[in-house]
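K.L.:
Below is one structure. I have some questions about it.
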Amino acid sequence: MTGKIGIGIIGCGTIADVYMTNITQHYENVELLAVADLLAAKAAEAAEKYGVPKACTVEELLQVPGIEIVLDLTIPAAHYSVNKQILEAGKHVYCEKPLALNLAEAEELIALAAEKNLMCVSAPDTFLGAGIQQSRAVIDSGAIGKPVSFTANMTCAGHELWHPNPGFYYRQGGGPMFDMGPYYMTALIYLLGPVKKVSCFTAAGRPVRNILGTMTETEVPTIYTGIMEFACGAIGTVTMSFDTWKSSLPCIEIYGTKGSLSVPDPNGFNGPVKVFDGTKLQGIVDAVEEPHPARLIAMVTNQGNCESEAVMEFPENPEPRSNMRALGVSDMAQALIDGRESRMSGPISLHVVEALNAFEESAKSGQCYEMKTTCAATEPMGKDWELWEVK
Ligand SMILES: NC(=O)c1ccc[n+]([C@@H]2O[C@H](COP(=O)([O-])OP(=O)(O)OC[C@H]3O[C@@H](n4cnc5c(N)ncnc54)[C@H](O)[C@@H]3O)[C@@H](O)[C@H]2O)c1
């Protein structure tokens with residue numbers, strides 16, 4: 001690492017706090033030079049709290065000398081227009097998820113970025129954390145063999161339970177697929193490669209929700225149940241729900257020819273990675289000359305010694321759920337310093353937007369959706385984890 005890259009933030013709402021904390025305290029290759037918000041008071045408050053030199057309008061922020069990367073932390077419905085404005089001002093974009101609401105808008109942004117030789121990517125950066133990195137290392141090591149199938153599940157009762165301004169979660173661009181799907185799609189794409197086909201059904205369990213005291217009709221489905229096929233051949237089920245009071249479904253499990261992998265929550269940066277070695281059972285099963293169902297069932301049920309935890313912790317001695325948001329921004333800054341592409345690439349962000357829309361399109365048309373875009377694999381983090389300074 002040499003030097004610092006100037007950063008500007010547009011959107012000083014709920015998630016901006018953790019970005020500003022981490023950028024000003026934990027990532028030493030970035031420097032926050034200005035903040036803007038539609039509501040001037042929010043920008044002023046953030047600048048005061050984090051010691052940022054300038055609070056201003058979006059237009060003024062895009063003129064601040066030294067800002068090379070602009071973070072778009074506005075609501076999803078504003079992402080396309082704000083990202084376009086940032087690119088037109090000649091700055092790199094790091095946007096909260098999703099990059100845009102539909103494929104056409106995301107493609108336009110990626111094309112504009114390419115024309116201007118700028119990076120344009122979206123969150124999440126949780127896949128750069130220890131949980132998903134370790135899961136990828138397990139797959140790459142061959143420990144579970146060839147991934148054949150998976151399940152991915154996000155279930156909760158809805159964000160109006162905790163968010164101070166939850167209306168956008170129930171309008172276009174919200175809903176569990178557009179809000180939480182990016183974590184799962186990004187992790188699955190990082191672990192399994194590009195998506196080939198998607199089928200989906202949707203429903204709305206509680207289509208009228210209490211939004212800040214007003215019973216409000218939702219514009220979007222609040223439960224998605226889909227099936228995906230990846231280009232590598234793996235198939236799996238996906239559930240994204242704001243309609244589930246309680247569930248014991250795993251976040252992500254990947255089932256391979258030799259074993260199973262339990263992947264930690266892709267909306268976090270770490271967590272236990274569990275590997276089940278099926279080859280031990282395969283050996284037992286293959287050695288049985290005259291299968292006796294009761295004996296086999298007993299052996300298969302007694303699986304304790306096949307399981308191991310491959311826990312990789314970053315940073316060292318982390319809080320159990322340390323929130324390292326802005327790791328992707330720091331990686332983008334390092335990419336500028338080192339003259340490489342950022343790990344979260346434009347094509348991956350675009351592929352994720354198409355995948356999110358694929359669930360929607362399939363549910364509306366009753367047909368299986370075939371993906372048009374694809375993306376290349378991302379380099380693992382390796383020593384770049386040192387970007388995070390423990391203070
Ligand atoms: N809240 C979370 O826990 C969380 C977690 C991860 C990601 N995100 C993502 O972060 C983004 C923001 O979410 P949030 O919860 O912080 O929302 P929020 O409503 O709390 O904050 C959004 C801020 O953006 C400002 N804004 C909106 N449109 C703008 C525009 N055109 N120009 C300038 N400012 C504008 C608003 O005034 C507001 O201050 C979303 O994409 C969301 O998906 C949120």
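The values are calculated or read from the model by the stated rules, or taken from the named source; none is laboratory data. What you are looking at is a predicted structure, and each value in this text was computed from that prediction instead of being measured. Heads up, the Cβs are rebuilt from the backbone with ideal geometry, glycines too, and the neighbour counts pull from every protein chain shown. Accessible surface is based on the protein model in full, side chains and every heavy atom, while ligands, DNA and RNA are left aside. Shrake-Rupley method; radii C 1.70, N 1.55, O 1.52, S 1.80 Å.
K.L.:
Please find, within the stretch 58-77, the residue that is most open to solvent (accessible area, probe 1.4 Å) out of those that are touching a Cys at 6+ places or on another chain (Cβ under 8 Å) and either within 8 Å of the ligand (Cβ to nearest atom) or not in a loop (DSSP other than H, G, I, E, B) (or both). Quick ask: steps written out before the conclusion?
P.N.:
Keep residues of the stretch 58-77 that are touching a Cys at 6+ places or on another chain (Cβ under 8 Å), which gives 64, 71-73.
Filter again for either within 8 Å of the ligand (Cβ to nearest atom) or not in a loop (DSSP other than H, G, I, E, B) (or both), leaving 71-73.
Details: L71: 0, D72: 0, L73: 16 Å².
Per the stated criteria, the residue is L73.
K.L.:
Identify, please: which residue in the stretch 22-55 is part of a loop (DSSP other than H, G, I, E, B) and within 30 Å of R340 (Cα to Cα) and is, among those, nearest to the ligand (Cβ to nearest atom)?
P.N.:
Going residue by residue through the stretch 22-55, those that are part of a loop (DSSP other than H, G, I, E, B) are 26, 28-29, 37-39, 51-53.
Within this subset, residues satisfying the condition of being within 30 Å of R340 (Cα to Cα) are 26, 28-29, 52-53.
On the way: H26: 17, E28: 23, N29: 22, V52: 15, P53: 19 Å.
My answer is V52.
K.L.:
Name the one entry in K97, K116 that is surrounded by fewer than 22 Cβ atoms within 10 Å (Cβ to Cβ), among the basic types (K, R) and not assigned by TED's automatic domain parsing to the domain that holds G193. Quick ask: steps written out before the conclusion?
P.N.:
Working: K97 fails: surrounded by fewer than 22 Cβ atoms within 10 Å (Cβ to Cβ).
Criteria check complete, one pass: K116.
K.L.:
Could I ask something else about it? So which of C200, C232 ends up being more than 25 Å from K364 (Cβ to Cβ) and touching a residue at least 60 places away in the same chain (Cβ under 8 Å)?
P.N.:
Details: C200 fails: more than 25 Å from K364 (Cβ to Cβ).
Exactly one residue qualifies, and that residue is C232.
K.L.:
Within the set of pairs 6+ apart or on separate chains, which have a first residue in the stretch 350-362 that is more than 15 Å from L188 (Cα to Cα), a second that is in a helix (DSSP H, G or I) and open to solvent by 10 Å² or more (accessible area, probe 1.4 Å), and C-beta atoms under 6 Å apart?
P.N.:
Filtered contacts from the stretch 350-362: N357/L103.
K.L.:
Okay, moving on. Would you please list the contacts, defined by Cβ atoms under 8 Å and residues six or more apart or on different chains, that run from a residue in the stretch 161-190 that is over 18 Å from M344 (Cα atoms) and at pLDDT below 95 to a residue that is assigned to a helix (DSSP H, G or I) and hydrophobic (A, V, I, L, M, F, W, C)?
P.N.:
Final answer for the pair search is F168/A77; R171/A77; Q172/A77; G173/A77; G174/F168.
K.L.:
Please name all residue pairs, on different chains or six or more residues apart, with Cβ atoms under 8 Å, provided the first residue is in the stretch 54-82 and is small (G, A, S) and the second residue is near the ligand (Cβ under 7 Å from one of its atoms) and at pLDDT below 95.
P.N.:
A77/F168
K.L.:
Next up: Does V148 qualify as being closer than 21 Å to G268 by Cβ and modelled with pLDDT of 95 or more? Explain how you work it out, then say what you get.
P.N.:
Details: closer than 21 Å to G268 by Cβ: no; modelled with pLDDT of 95 or more: yes.
Judged against the criteria, V148 is not a match.
K.L.:
Take residues that are hydroxyl-bearing (S, T, Y) and tell me which of the strands (runs of 3 or more DSSP E) falling wholly in the stretch 190-293 contain 1 or more.
P.N.:
Result: 195-203, 214-217, 223-230, 235-241, 252-256, 259-263.
K.L.:
Select, from Y19, Y80, Y94, the only residue that is among the aromatic types (F, W, Y), away from the ligand (no atom under 11 Å from the Cβ) and either in contact with a Ser or Thr (Cβ under 8 Å, 6 or more places away or on another chain) or not in a strand (DSSP E or B) (or both). Steps first, answer last, please.
P.N.:
Working: Y19 fails: away from the ligand (no atom under 11 Å from the Cβ); Y80 fails: away from the ligand (no atom under 11 Å from the Cβ).
Step by step, each of Y19, Y80, Y94 is checked, and only Y94 is among the aromatic types (F, W, Y), away from the ligand (no atom under 11 Å from the Cβ) and either in contact with a Ser or Thr (Cβ under 8 Å, 6 or more places away or on another chain) or not in a strand (DSSP E or B) (or both).
K.L.:
Checking the condition closer than 30 Å to C232 by Cα, open to solvent by 10 Å² or more (accessible area, probe 1.4 Å), more than 14 Å from the ligand (Cβ to nearest atom) and in the same structural domain as A36 (by TED's automatic domain parsing), which residue from I139, I110 passes?
P.N.:
Working: I139 fails: in the same structural domain as A36 (by TED's automatic domain parsing).
Checking each option against the conditions leaves just I110.
K.L.:
Still on this structure, I have one more. Could you grab me the full set of residues in the stretch 243-261 that are over 17 Å from the mean Cα position of the chain (by Cα) and either open to solvent by 50 Å² or more (accessible area, probe 1.4 Å) or among the small types (G, A, S) (or both)?
P.N.:
Those that are over 17 Å from the mean Cα position of the chain (by Cα) and either open to solvent by 50 Å² or more (accessible area, probe 1.4 Å) or among the small types (G, A, S) (or both): W245, K246, S247, S248, L249, Y255, G256, T257, K258, G259, S260.
K.L.:
May I ask you to list pairs of residues, at least six apart or on different chains, whose Cβ atoms are under 7 Å apart, with the first in the stretch 6-34 being without any contact (Cβ under 8 Å) to a residue 40 or more places away in the chain and farther than 13 Å from E45 by Cα and the second being within 13 Å of the ligand (Cβ to nearest atom) and open to solvent by less than 40 Å² (accessible area, probe 1.4 Å)?
P.N.:
Close Cβ pairs (under 7 Å, with a partner that is within 13 Å of the ligand (Cβ to nearest atom) and open to solvent by less than 40 Å² (accessible area, probe 1.4 Å)) amount to L32/I9; L32/M20; L33/G8.
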